[in-house]
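Reviewing the structure listed below.
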Amino acid sequence: MSNMAVIEGVLERITYANEENGYTVARVDTGRGAGDLLTVVGALLGAQVGESLRMEGRWGSHSQYGKQFTVENYTTVLPATIQGIRRYLGSGLIKGIGPVMADRITTHFGVDTLDIIENAPKRLVEVPGLGPKRTKMIAVAWEEQKAIKEVMVFLQGVGVSTSIAVRIYKKYEDASISVVKNQPYRLAADVWGIGFLTADKIAQAVGIPHDSPERVKAGLQYALSQSSDQGHCYLPEERLIADGVKLLQVDTGLVIECLAELAADPEGVVREKVPSPEGGEPITAVYLVPFHRAELSLAGQVRRLLRTGEDRMPAFQDVDWEKALAWLATRTGASLAPEQEEAVRLALSRKVAVLTGGPGCGKSFTVRSIVELARAKRAKVVLAAPTGRAAKRLAELTGAEASTVHRLLELKPGGDAAYDRDRPLDADLVVVDEASMLDLLLANKLVKAVAPGAHLLLVGDVDQLPSVGAGEVLSDLLAEGSPVPAVRLTRIFRQAQQSGVVTNAHRINAGQPPLTEGLSDFFLFVEDETADAGKLAVDVAARRIPAKFGLDPRRDVQVLAPMHRGPAGAGELNGLLQQSITPGRPDLPEKRFGGRVFRVGDKVTQIRNNYDKGENGVFNGTVGVVTGLDLDEQRLTVRTDEDEEIGYDFDELDELAHAYAMTIHRSQGSEYPAVVIPVTNSAWMMLQRNLLYTAVTRAKKLVVLVGSRKAIGQAVRTVSAGRRCTALDFRLRGGSGEDFS
């Protein structure tokens, strides 16, 4: 150990931080003067810019960055000089103190500043501009910071990253250490961002045995929740057991025992016989309880709505359709095609109906016609869509108010809705657009809130990707033998035939390669190298499209990537697009969080459902622009697509990601004037027809593909492999697990 060294210095800036393992690259001022900063690397978990650190480690050299110090462990040392204290306080560490206030406080109290904050915080009111309210806030923040530091030190010992440690503290406060020591698997259920793997690592560090039943049960529930993230509502029992053995590295017998215990627990899992998704013999499905409840409930509600004798729009049972449609044509200035007429009749005379079809086939005009006729008979019409953008579009189309499904149902913290079976929506006709995005849990909440006798019309393109959440509700409602009546629009209207975007969407959907020559709204830039294709996509989005078509690169152009990782993935492209569109400026504040930097003007998206934010929660996929960044208050403000101002404390920034580029999955339900799609060989495993089709159909006016012809060919040829594990279609037909007993 003789080559171990100890250095002290002030943490000046964090160049890179991996939130998962705490590996950090930072610059430290060791007081050598001349503005000389030293590069330090290693586990600087929990260290904040402005803190004085005593670091133990080894000297080394890096081929590109020269001399550097590898930190093995560190302790925080409170700074002793006025300059150090000023920097420490002004670093944003304590809420309510920014650089200006830090300067005033240290000018007033000098080297005693930290002692005063610690032992006599009421004296802070002596500082000009600090009132009792701000003083109290600083004292509370200081105490919290101290308590967090204690928890941090403990969590650091068991290998937890900073942002997760802060979250654990926020959830359990003083009980944090006790929960982590005694019930580490609770963390996976209670704390967003901690999965089973992190909880398992912590459990190992605090000495929970490898074959503990508690560990095995938590692992099985984790395997099921992972599968729901991939869209499955259940897993076949054999597959779950095999996944459990592989994940947990324990005996099959132990996994089978623990699964039986979970199945006996009302809040554990549900086992039930269902038809095999591949056909053949029935299988035993294992569900997490909420998904089983939702599947039973959704099928039951749909069948109840279809069967009810009540009708809130009785006028359409014996209407003279010829007369009604003629009146409609004078209102809208156009006649309906026969299949559109059929859809109008269905929606107004049946209690539940589905309207599906690709772009340019007149879905929008059909919806507008249905709404016009319903309103003519004084029906109360409610319009909704899963995303803010889709709701806006629906409102423009029909001239009536439309909201997101979440807002319509007024979802509350915990995910309960204000409207449900006991308090249904006051609506005669509920129209939901972009219904391919409805996952099982949201569809169940929605259908529950439809009053008996009211009509429900679900509109969507079943050929697009299924929902991000579990289930494929639209597909199941359209499955063979489903009791739900449906119309599929197939005829492409003449003006839509002139659009390269519409033509190519239908070609891709039919398994034909898109036409990329001689069109004014659909282009291909060939670039076989993945990294070069990524850079070219950025140039096209940030510079070429704005220059040629006069579109705003932030508002009108969206880069959609098949995957998040890799040189042409959404993660990498976001960094490059931010540099192009919202570069850093010395006079503008910015906030570094983990590996990301947030600036005013950034395009961002929410990446989890948070029911506590905004008027009715902010939901996964909500997009907005950063409009404010206050380093003193440690708060960032976002104006969402729904024109709502949402505040984020700096320790909540892991809920936000940049959205200059996003994965095609995340773009569902949104439309953009122009779309740039990198299609590269590195995304080979992801390239499927419905993925490319969904990306192309997001564009209103312009599509630019960037990448290799080979990769595009692969996407067009590959029909998505395998159905999701869902039994909704079986239940809609009236099936239950007892049918197989």
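The values are calculated or read from the model by the stated rules, or taken from the named source; none is laboratory data. If you're wondering where the values come from, they're calculated on a predicted model, not measured in any experiment. A quick note on method: Cβ atoms are made from the backbone with ideal geometry, for glycine too, and the neighbour counts reach across all protein chains shown. Side chains are part of the model used for accessible areas, which takes the heavy atoms of the whole protein and leaves out ligands, DNA and RNA. Shrake-Rupley method; radii C 1.70, N 1.55, O 1.52, S 1.80 Å.
Quick notes on this structure:
- Out of 232, 210, sole residue that is surrounded by 22 or more Cβ atoms within 10 Å (Cβ to Cβ) and either outside any helix (DSSP H, G or I) or among the charged types (D, E, K, R) (or both): 232
- Complete set of residues in segment 274-292 that are part of a helix (DSSP H, G or I) and farther than 21 Å from residue 482 by Cβ: 289, 290
- In this structure, residue 484 does not qualify as touching a residue at least 40 places away in the same chain (Cβ under 8 Å) and farther than 25 Å from residue 279 by Cα.
- In segment 590-613, the count of residues that are within 15 Å of residue 540 (Cα to Cα), modelled with pLDDT of 90 or more and among the hydrophobic types (A, V, I, L, M, F, W, C) is zero.
- Residues satisfying the stated conditions in segment 671-697, i.e. of a type outside the set (A, V, I, L, M) and buried (at least 22 other Cβ atoms within 10 Å of the Cβ): 678, 680, 682, 693, 694, 697
- Filter result (touching a residue at least 24 places away in the same chain (Cβ under 8 Å) and buried (at least 20 other Cβ atoms within 10 Å of the Cβ)) within segment 97-124: 97, 101, 105, 106, 113, 117
- Residue check, residue 286 more than 13 Å from residue 727 (Cβ to Cβ), in contact with a Leu (Cβ under 7 Å, 6 or more places away or on another chain) and in contact (Cβ under 8 Å) with a residue 24 or more places away in the chain: no
- Hey, residue 119 polar (S, T, N, Q) and either more than 28 Å from residue 30 (Cα to Cα) or modelled with pLDDT of 85 or more (or both) or not: yes
- Within segment 594-612, tally of residues that are over 23 Å from residue 582 (Cβ atoms) and charged (D, E, K, R): 2
- Taken together, the residues in segment 50-75 that are of a type in the set (Ser, Thr, Tyr), over 17 Å from residue 23 (Cα atoms) and surrounded by 12 or more Cβ atoms within 10 Å (Cβ to Cβ) amount to 1.
- Subset of segment 426-446 (residues that are open to solvent by 10 Å² or more (accessible area, probe 1.4 Å), closer than 19 Å to residue 379 by Cα and of a type in the set (A, V, I, L, M, F, W, C)): none
Yes or no, residue by residue, for (1) touching a Ser or Thr at 6+ places or on another chain (Cβ under 8 Å); (2) surrounded by 19 or more Cβ atoms within 10 Å (Cβ to Cβ); (3) modelled with pLDDT under 90:
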site: 462; (1), (2), (3): yes, yes, no
site: 465; (1), (2), (3): yes, yes, yes
site: 472; (1), (2), (3): yes, yes, no
site: 498; (1), (2), (3): no, no, yes
site: 512; (1), (2), (3): no, no, no
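- Residue within segment 599-612 that is open to solvent by 40 Å² or more (accessible area, probe 1.4 Å) and within 15 Å of residue 404 (Cα to Cα) present: yes
- Conditions (1) touching a helix residue (DSSP H, G or I) at 6+ places or on another chain (Cβ under 7 Å); (2) surrounded by 15 or more Cβ atoms within 10 Å (Cβ to Cβ); (3) assigned to a helix (DSSP H, G or I): number failed by residue 300: (1)
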